[in-house]
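> Below is a structure I'd like to ask you about.
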Ligand SMILES: Nc1ncnc2c1ncn2[C@@H]1O[C@H](COP(=O)(O)OP(=O)(O)OP(=O)(O)O)[C@@H](O)[C@H]1O
Ligand code: SF4
Ligand SMILES: [Mg+2]
């Protein structure tokens with residue numbers, strides 16, 4: 001992963017545009033994407049104005065609580081759910097504007113690795129047939145070149161040739177996920193979207209699969225969107241991190257910036273094991289951490305203004321009245337940005353004003 005690739009990509013949150021968008025915008029350009037669903041309780045906006053750009057060879061980690069919209073965003077990027085607004089451009093092509101047939105043709109350049117490998121593998125197909133299937137579906141190559149591509153993909157993900165004729169049920173969980181990854185890379189994609197790729201696996205296997213993804217990213221120069229609950233894994237794999245809350249990205253920056261200097265109160269709450277230089281800021285992080293445990297508001301009735309305000313210890317009237325726009329952290333040339341009215345005061349230690357939220361949630 002080159003520094004140029006990191007610097008060359010931007011990641012923003014909704015409209016209005018952040019202060020420091022830079023060119024080039026990347027192999028994957030997601031702009032102001034919104035996804036709505038009709039539910040029994042009414043219409044929800046599961047993804048609300050998300051923008052993110054990935055450069056070739058770059059991994060962006062996407063984190064946030066269950067239900068915040070990570071999988072929906074991933075599915076929208078792959079055009080698997082309709083978008084209410086926004087655009088997804090893959091290598092410069094607007095996927096949403098493509099006729100269905102053209103979209104199918106582009107799909108081999110963006111692939112997905114799913115959480116549950118078993119659910120995504122046809123139990124009647126052998127390993128080699130499963131891995132070769134995307135090539136056949138997309139009409140790529142002839143029989144001989146497809147066989148070579150399958151063998152190469154198996155080698156890249158560490159599957160021995162001996163398992164080529166086996167069925168998924170004859171494989172371990174780790175091997176099944178290697179098949180899932182091999183299916184995703186066999187079409188030579190530019191972008192890999194991994195949605196919780198190791199959550200369903202035994203802890204002992206998780207590190208192996210993470211290493212496979214890490215090596216593939218470098219070897220194939222993939223842009224990778226990596227969704228995970230485990231923040232240590234995200235930190236290990238990601239060049240940049242995007243933190244999602246109730247359908248929006250609330251903070252984004254390089255992994256080192258976000259993990260060592262989280263600015264948004266929500267991110268501060270998520271990141272518990274951050275080394276802090278002084279006791280006072282460590283105590284503030286602990287307070288924020290406790291508050292994240294408060295109840296997640298319903299998407300049917302999201303809070304006015306800042307969506308995090310019902311759980312934020314620093315919330316005031318401005319937070320209830322006005323949605324904070326994305327704002328760049330001063331010294332980071334736009335690579336680190338967040339949505340919070342008071343982040344400067346909070347960073348300076350003067351933002352810890354008493355709020356009703358502190359009373360409600362602090363133990
Ligand atoms: N097909 C659907 N129809 C209606 N609501 C949906 C649908 N898919 C997702 N949702 C809702 O959209 C919201 C976002 O869900 P999503 O699965 O994207 O969250 P997530 O961040 O991936 O959560 P998790 O970490 O649990 O996987 C949730 O409120 C969910 O119930
Ligand atoms: S805008 Fe207000 S409520 Fe939202 S995170 Fe910042 S201080 Fe908290
Ligand atoms: Mg999900």
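Each value in this text was obtained by applying a stated rule to the coordinates, not by laboratory testing. Source: prediction; values computed, not measured. All Cβ positions, glycine included, derive from the backbone under ideal geometry; neighbour counts span all protein chains shown.
> Could you line up 319, 306 from fewest to most neighbouring Cβ atoms inside 10 Å?
Details: 319 23, 306 28.
Least crowded to most crowded, the residues run 319, 306.
> With an 8 Å Cα cut-off and a minimum separation of 6 or more residues, compute the relative contact order for the range 52-211 in percent.
28 percent
> Treat the count of other C-beta atoms within 10 Å as a stand-in for reagent exposure and order 169, 51 from fewest to most. Could you put the intermediate results ahead of the total?
Values: 169 10, 51 25.
With the sparsest Cβ surroundings first, the list reads 169, 51.
> Over the range 207-259, what is the relative contact order in percent, taking alpha-carbon pairs closer than 8 angstrom and at least six residues apart?
23 percent
> Could I ask something else about it? Measure out, as a whole number of angstrom, how far apart the alpha-carbon centroids of the range 141-214 and the range 114-133 sit.
9 Å
> Over the range 298-342, what relative contact order in percent results from Cα pairs under 8 Å that are six or more residues apart? Don't jump to the answer; show the numbers that get you there.
Values: 51 pairs, mean separation 13.8, N = 45.
Across the range 298-342, relative contact order equals 31 percent.
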